[in-house]
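Following: one structure in structure tokens, then a few remarks.
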Amino acid sequence: MTGTPKIAALIVAAGQGARSGEGVPKQYRPVGGKAVIAHTVDALAAFPAIDVVQVVIGEGQDALYAKAIDGRALPPPVRGGATRRDSVIAGLEAIEADIVLIHDAARPFLSAAVIGRLLAALDGSDGAVPALAVADTLARGDGLLGDTVSRDGLHRIQTPQVFRRDAILGAHRIWNEGREATDDAQVARAAGLSVAIVEGDSALDKLTFPVDFEAAEDRMLISRTAQGFDVHGFTSGDAVQLGGVRIAHDRALAGHSDADVALHALTDALLGTIAAGDIGSHFPPSDARWKGADSEIFLAHARDLVRAAGGVIDHVDVTIICEAPKIGPHRDAIRDRIAALLGIRAGQVSVKATTTERLGFTGRREGIAAQAIATVRAPLIQQCRTSA
């Protein structure tokens, strides 16, 4: 082969994926805010040496495909066949390339390192596959455990699998073993082609069952931490509202709402984790609707925005700063109330209290301040709404 070879990526996405449990083929299910197939396309398209990405889809999947790809610049999809091998042949016949990487759409977490190892392995073989050594004990059995099987030399084979395009197409055309091939390397070896093994990646495991998609969602979440702060001065009254708990006191806190500084600080912290503004942008003090409002409404709104963004609240920490009232006797009640409002366990809520040693605004007993930190896991790509 002279000159720079043209490299194509062929994504096989014609299956129905019924075992995923969602009623749509698994390659079109969303993970982290975009379809599985979109993750797969993006991973391959981002590799500099790949010149074209060609997708093979099933009958009746045009609308699902168009929505999932969302305007990405790709060649028109190729129509697949009744079996995976039929779909691969259709895709290989549709592309012009010297080298082709054949990849399952349901393996979206493909790294550049794996692609690089595969392409390098072609220098000494007709093809290459990523694989992981088998680590678990293997045994025969049908209801009852039988003899163990040696793991030596055994591998779990993954995709993408790379070949010279004409060689693998020819191998598929002459396959005639009376059974369906489980992957392209099997077809290649039956035709006498040599196939190298390179190091695979556990992230390349295929998404098949609901539990696989749950794990994939967790993989797509990134940890975010944000803080909030609030302060309110005292006014006449006989109780303060702190963390959703009414605490008897010789004064009350002044504010447009119920002036719950703990919940206000926590609301701002949660909004910050999803870059959704602050409490004033959602509940402006100029709006009469929020005069005297229960601050639990504000916290519930922030909680719902985090959930709508695909986020999971991992932990919140609130520090109440005041000389009085004493927070210690009410700490557990505040923790329990915040946990109930956020739908998390009390063990995920920390409530602390401190003073400023009689210094400053709170030290002079002019009011109460609170600061809060929230940690959530949420998808990077989500856009968050910023108004109530």
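The values are calculated or read from the model by the stated rules, or taken from the named source; none is laboratory data. Owing to the predicted nature of the structure, the values given are computational and were not obtained by experimental measurement. Counting neighbours? That spans all protein chains shown, and the Cβs are built from the backbone with ideal geometry, glycine included.
I need the full set of residues from region 73-95 which are part of a loop (DSSP other than H, G, I, E, B), surrounded by fewer than 16 Cβ atoms within 10 Å (Cβ to Cβ) and at pLDDT 95 or above, in order please.
Listed by number, the residues that qualify are Leu74, Pro75, Pro76.
I'd like to know if region 277-289 contains one or more residues that are surrounded by fewer than 18 Cβ atoms within 10 Å (Cβ to Cβ) and at positive phi.
First pass over region 277-289, keeping only residues surrounded by fewer than 18 Cβ atoms within 10 Å (Cβ to Cβ): 277-278, 280-281, 284-289.
So of that shortlist, the ones also at positive phi come out as 277.
Yes, some residue in region 277-289 is surrounded by fewer than 18 Cβ atoms within 10 Å (Cβ to Cβ) and at positive phi.
Picking from Ser295, Ser350, which residue would you name as being within 33 Å of the chain's Cα centre (by Cα), within 16 Å of Leu242 (Cα to Cα) and crowded, with 19+ Cβ neighbours inside 10 Å?
Numbers: Ser350 fails: crowded, with 19+ Cβ neighbours inside 10 Å.
It is Ser295.
Working carefully through the options Gly255, Gly277, find the one that is assigned to a loop (DSSP other than H, G, I, E, B) and either over 28 Å from the mean Cα position of the chain (by Cα) or not assigned by TED's automatic domain parsing to the domain that holds Ile368 (or both). Reasoning before the result, please.
Working: Gly277 fails: either over 28 Å from the mean Cα position of the chain (by Cα) or not assigned by TED's automatic domain parsing to the domain that holds Ile368 (or both).
Answer to the check: Gly255.
When region 124-144 is examined, which residues are found to be at pLDDT below 95, out of contact with any Lys or Arg (no Cβ under 7 Å at 6 or more places or on another chain) and of a type outside the set (Val, Ile, Thr)?
Gly124, Ala133, Ala135, Asp136, Ala139, Arg140, Gly141, Asp142, Gly143, Leu144 - these are the residues of region 124-144 that are at pLDDT below 95, out of contact with any Lys or Arg (no Cβ under 7 Å at 6 or more places or on another chain) and of a type outside the set (Val, Ile, Thr).
Name, by its number, the condition in (1) in a helix (DSSP H, G or I); (2) in contact (Cβ under 8 Å) with a residue 12 or more places away in the chain that does not hold for Phe109.
(1)
Have a look at Ala190, Ala196 and point out the one that is over 30 Å from Pro25 (Cα atoms), of a type in the set (A, V, I, L, M, F, W, C) and buried (at least 17 other Cβ atoms within 10 Å of the Cβ).
Numbers: Ala190 fails: buried (at least 17 other Cβ atoms within 10 Å of the Cβ).
Only one candidate qualifies: Ala196.
Go over the candidates Ile247, Ile222 one by one and state the one that is out of contact with any helix residue (DSSP H, G or I) (no Cβ under 7 Å at 6 or more places or on another chain) and assigned to a strand (DSSP E or B). Show your work before the answer.
On the way: Ile247 fails: out of contact with any helix residue (DSSP H, G or I) (no Cβ under 7 Å at 6 or more places or on another chain).
Going through Ile247, Ile222 in turn, the sole match is Ile222.
Do we find that Ala262 is touching a Pro at 6+ places or on another chain (Cβ under 9 Å), in contact (Cβ under 8 Å) with a residue 60 or more places away in the chain and either small (Gly, Ala, Ser) or surrounded by 22 or more Cβ atoms within 10 Å (Cβ to Cβ) (or both) in this structure?
On the way: touching a Pro at 6+ places or on another chain (Cβ under 9 Å): no; in contact (Cβ under 8 Å) with a residue 60 or more places away in the chain: yes; either small (Gly, Ala, Ser) or surrounded by 22 or more Cβ atoms within 10 Å (Cβ to Cβ) (or both): yes.
No: the conditions fail for Ala262.
Can you find even one residue in region 203-216 that is assigned to a helix (DSSP H, G or I), at pLDDT below 95, in contact with a strand residue (DSSP E or B) (Cβ under 9 Å, 6 or more places away or on another chain) and not assigned by TED's automatic domain parsing to the domain that holds Val88?
Yes, region 203-216 contains a residue that is assigned to a helix (DSSP H, G or I), at pLDDT below 95, in contact with a strand residue (DSSP E or B) (Cβ under 9 Å, 6 or more places away or on another chain) and not assigned by TED's automatic domain parsing to the domain that holds Val88.
Which one of these does Ala38 not meet: (1) of a type outside the set (Phe, Trp, Tyr); (2) touching a residue at least 24 places away in the same chain (Cβ under 8 Å); (3) surrounded by fewer than 18 Cβ atoms within 10 Å (Cβ to Cβ)?
(3)
Return the pairs, sorted by first residue and then second, in which the second residue is among the acidic types (Asp, Glu), the first residue lies in region 357-370 and is in a loop (DSSP other than H, G, I, E, B), the beta carbons are less than 8 Å apart, and the residues are 6+ apart or on different chains.
Arg358/Glu323; Arg365/Glu323
Identify the residue in region 211-235 that is over 25 Å from Gly33 (Cα atoms) and of a type in the set (Val, Ile, Thr) and, among all such residues, is surrounded by the fewest Cβ atoms within 10 Å (Cβ to Cβ). Step through it out loud before you land on a result.
First pass over region 211-235, keeping only residues over 25 Å from Gly33 (Cα atoms): 227-235.
Add one more test, that the residue is of a type in the set (Val, Ile, Thr), and what stays is 231, 235.
Details: Val231: 19, Thr235: 12.
Going through the qualifying residues, I end up with Thr235.
Let me confirm something: among Arg303, Arg335, which residue is in contact with a Leu (Cβ under 7 Å, 6 or more places away or on another chain), modelled with pLDDT of 95 or more and in a helix (DSSP H, G or I)? Spell out how you get there, then give the answer.
Values: Arg335 fails: in contact with a Leu (Cβ under 7 Å, 6 or more places away or on another chain).
When all the criteria are applied, what remains is Arg303.
Could you say which residue among Asp147, Asp183 is of a type in the set (Asp, Glu) and surrounded by 13 or more Cβ atoms within 10 Å (Cβ to Cβ)? Talk me through it step by step, then tell me what you get.
Numbers: Asp147 fails: surrounded by 13 or more Cβ atoms within 10 Å (Cβ to Cβ).
Going through Asp147, Asp183 in turn, just one is of a type in the set (Asp, Glu) and surrounded by 13 or more Cβ atoms within 10 Å (Cβ to Cβ): Asp183.
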